[in-house]
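Notes follow the structure.
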Amino acid sequence: MLDKITIETHSLTKIYKTGKVEFKALNNVSLKIKKGDFIALMGPSGSGKTTLMNILGCLDRPTSGDIFLEGLNLSTLPDSQLAEIRSKKIGFVFQTFNLIPNISALKNITLSMIFAEVPRSSREANALEILKKLGLEKFTRNLPSELSGGQQQRVALARALANNPSIILADEPTGNLDSSTGIQIMNLLSSFNKEGKTILLVTHDASLKKYANRIITMKDGEISEHR
């Protein structure tokens, strides 16, 4: 059941300053994300979607307001503790894949396990299991440049899953893929959601709304619609 609150924000505001010029990227954003939600976060460029995702993922801090992850107030924690939470509880998938180009698919995944302090003896076996689940067992030794866009995004998804996070944050994960490959990635995300993972999908693509059980629309740094 979707009854346990995983993420909760209270009046999040984010202001960027360039000299004397201020830009309010987020303005008083309050929301609740339940365990097992699949949320599509939508809105035009500059609406605050990625800023909100970065704060929810402990990649950035709000200027003001509070954010709670599984009841823990992240706003009060030092950077070192935020980094630990980020590596163990949150998986990231980006539009540009963000794979390290000079190491294999397998090592891209095991590297993330090092930061989460997974025992060395378990890393490769765990990575191989995830790659097999995503149909990539034949490409473990390939460099990212030797893979198609869809294969690279599946490696990125495998990396996001490496430490068995409870939350996956996906920022335009189909943006650089053709439509059929994009559907494959969305079906994978949907399957992980059905296994109990909470998914937050940032997207411009209205056709992806059908995968979500909730839709949050942003405009000018505020939530303009929530259903």
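Laboratory data are not the source of any read-out in this text; all were calculated from the coordinates shown. This structure is a prediction, so every number in the text was calculated from the model and none was measured. Ideal geometry is used to build each Cβ from the backbone, glycine not excepted, and the neighbour counts take in all protein chains shown.
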Problem - Cα gyration tensor shape for segment 1-47, rounded if a/c is under 1.5, else prolate or oblate - result: prolate
Handout entry: Values of log10 I(q)/I(0), in the order q = 0.11, 0.12, 0.14 Å⁻¹, for segment 93-227 under a Debye, Cα-only, solvent-free model
Key = -0.41, -0.48, -0.64
Exercise for the section: Please identify which residues in segment 22-46 have an amide N closer than 13 Å to a label point set 7 Å out from the Cα of K209, following the Cα→Cβ vector. Expected result: 40-44
Problem - Residues of type lysines that K32 reaches as a straight line, Cα spacing below 27 Å, ignoring anything fewer than 8 places off in the same chain - result: K4, K14, K24, K49, K88, K89, K194, K197, K209, K210, K219
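Counting only GluC sites (Glu not before Pro) that sit in a DSSP loop (anything but H, G, I, E, B) with at most 11 other Cβ atoms within 10 Å, what is the longest stretch of the chain containing none of them?
Numbers: sites that count: E117, E195.
Segment 1-116 is the longest.
Relative contact order, percent, of segment 1-138 when contacts are C-alpha pairs under 8 Å separated by at least 6 residues? Please report the intermediate quantities before stating the final value.
Working: 155 pairs, mean separation 28.0, N = 138.
Contact order relative to length: 20 percent.
Dipole size in debye (nearest 20) for the chain around its Cα centre, Lys and Arg Cβ +1, Asp and Glu Cβ -1? If you can, show how the numbers build up before the last one.
Details: 29 positive and 22 negative charges, 48 e Å.
Charge dipole of the chain: 240 debye, to the nearest 20.
Using only alpha-carbon positions, what ratio does the radius of gyration of the chain give when scaled by 2.2 N^0.38 Å? Show your work: numbers first, answer last.
On the way: Rg = 17.5 Å, N = 227, 2.2 N^0.38 = 17.3 Å.
The value comes to 1.01.
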